[in-house]
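What follows is a short report on a single structure.
The values are calculated or read from the model by the stated rules, or taken from the named source; none is laboratory data. Since this is a predicted model, take the numbers as computed values, not measurements. With ideal geometry, Cβ positions are generated from the backbone for all residues, glycine too; neighbour counts draw on all protein chains shown. Note: areas computed on protein heavy atoms with side chains; ligands, DNA, RNA excluded. Shrake-Rupley method; radii C 1.70, N 1.55, O 1.52, S 1.80 Å.
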Amino acid sequence: MQVQELIDSPGVNRPSRLAPFSSRLLIPLLASILAVLGIAGLQFASSLLAPIAVALLLTLLLGPLVRGMSRYGVAEPVAAGIIVFGAITVIVAAMVVLSAPATDWLRRAPATMRQVEDKLRTIEPVSAIQATATSVARLTGVANSDSTPRIEVAAAGPLARVGWTTAHIVGGILTIVFLTYFLLSSGSMFRRKIAYLFPSGMHRTRIKRALAEIEEQMSRYLLLNTLISIGFGLGTWLLLAIIGVPNPVLWGAVAGVLNFIPYIGAFVTVVLIGMVTLATFDGTQRVFLACGGFLMLDLIKGHFIGPVVVGRRMPLNTVAVLLSLLFWGWVWGIVGAIMAVPLTVMIQVICSHSERFRGVAIVLGNWGAQRPS
């Protein structure tokens, strides 16, 4: 009777066991909703956010050069203009040099693929695998091409596709160029503005110091990795030139660019080198020499040059690297795959300077269970 009276009486305060349980569920639920909305926003606004991310990484890469010129009395806007437009000149010159061999290779790509296919059939293990696959296809009825339904989809006109793609690329390039210039010419203005968002005193000073350390570490990481990629491309070019592979400059440039994509970049490059070498030469000796030499260069770069030059202060563990490649490649395509590791390193460095998010830095990093320095 007393229990029933307590339940029926509206004025009595009784403890609710559902309140702590519901509050514990509410925070992860809101965090999951915000994460899904954030990922959807990254994909939806990729045409805007990807150029901004590229400009930010280029600012961190070229920032030390601008600061070095400013120490010798050159104004920051002038130094930024010299660095940005000098980099554009170098890139355009490289594209002019590589355009002829790239166009020639694309023109001969169908013939090259047929040559590779014909030569692979002469290799005994490959021919045995192909014969087994053909037998399985005949047994399952897959070889009957008449039973395969054909679906014709009306596509947009080629002129419309080319026009939209060109406008998209030109707009992104202009955004990157001008945003990079204005970020470099402003110097540390944005760092000071971000610090002013926090209360005055020790908080503002600590934020300024943390932002300066983040910028310094990221600039060092990007600059050294860019130099390693350039050296790796030059080494690949020299190796292929010695072997006699056609267009070694093109494949050296491909190796240098794809070096920014760990694991996948090396795999794609060695496959391309193997295809070109197999289509060019008779036999498999030079194929194994080219592919083996490239893998040896990649091994030396990854296990000796990289740790010595870059150091082990900001490495990512293998799981974090693979997940970052999958995530950013899915969100922003090939541009996201190229920027995946630098963006993840930036997130790791930022989290390592925050007590609240230091656990994220430990999960992404390669320190084990210790606290990052």
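Here residue 211 meets the list (1) in contact with a Lys or Arg (Cβ under 6 Å, 6 or more places away or on another chain); (2) open to solvent by 30 Å² or more (accessible area, probe 1.4 Å); (3) touching a residue at least 40 places away in the same chain (Cβ under 8 Å) almost entirely, failing just condition (3). Checking 154, 266, 167 one by one, the residue that is at pLDDT 80 or above and not hydroxyl-bearing (Ser, Thr, Tyr) is 266 and no other. Just wondering, is there one or more residues in region 218-228 that are in contact with a Lys or Arg (Cβ under 8 Å, 6 or more places away or on another chain), of a type in the set (Ser, Thr, Tyr), assigned to a helix (DSSP H, G or I) and modelled with pLDDT under 85? No; the residues of region 218-228 include none that is in contact with a Lys or Arg (Cβ under 8 Å, 6 or more places away or on another chain), of a type in the set (Ser, Thr, Tyr), assigned to a helix (DSSP H, G or I) and modelled with pLDDT under 85. Of the residues 47, 32, 70, 99, the single one that is at pLDDT 80 or above, among the small types (Gly, Ala, Ser) and under 23 Å from the mean Cα position of the chain (by Cα) is 47.
Scanning region 52-92 for residues that are in a loop (DSSP other than H, G, I, E, B), touching a helix residue (DSSP H, G or I) at 6+ places or on another chain (Cβ under 9 Å) and small (Gly, Ala, Ser) yields a single hit, 75. Contact map, region 23-47: residues that are exposed (fewer than 10 other Cβ atoms within 10 Å of the Cβ) paired with residues that are part of a helix (DSSP H, G or I) and of a type in the set (A, V, I, L, M, F, W, C), Cβ distance under 8 Å, separation 6+ or inter-chain. No pairs are found.
For region 227-251, the candidate set comprises residues that are under 24 Å from residue 322 (Cα atoms) and free of Cβ contacts under 8 Å to residues at least 40 places away in the same chain; within that set, the residue that is most open to solvent (accessible area, probe 1.4 Å) is 230. Evaluation of residue 285 against the conditions (1) exposed (fewer than 15 other Cβ atoms within 10 Å of the Cβ); (2) touching a residue at least 12 places away in the same chain (Cβ under 8 Å) shows that the sole unmet condition is (2). Filter region 67-123 down to residues that are surrounded by 15 or more Cβ atoms within 10 Å (Cβ to Cβ), farther than 23 Å from residue 273 by Cβ and among the basic types (Lys, Arg), then give me how many there are. Residues in region 67-123 being surrounded by 15 or more Cβ atoms within 10 Å (Cβ to Cβ), farther than 23 Å from residue 273 by Cβ and among the basic types (Lys, Arg): 1 in total. In summary, helices (runs of 4 or more DSSP H) completely within region 243-329 and bearing 1 or more residues that are hydroxyl-bearing (Ser, Thr, Tyr) and more than 26 Å from residue 363 (Cα to Cα) occur at 264-280.
Return the residues of region 257-269 that are within 20 Å of residue 104 (Cα to Cα) and buried (at least 19 other Cβ atoms within 10 Å of the Cβ); say none if nothing qualifies. Correct list: 269 only. Among the conditions (1) at pLDDT 75 or above; (2) surrounded by fewer than 16 Cβ atoms within 10 Å (Cβ to Cβ), the only one that residue 194 does not satisfy is (1).
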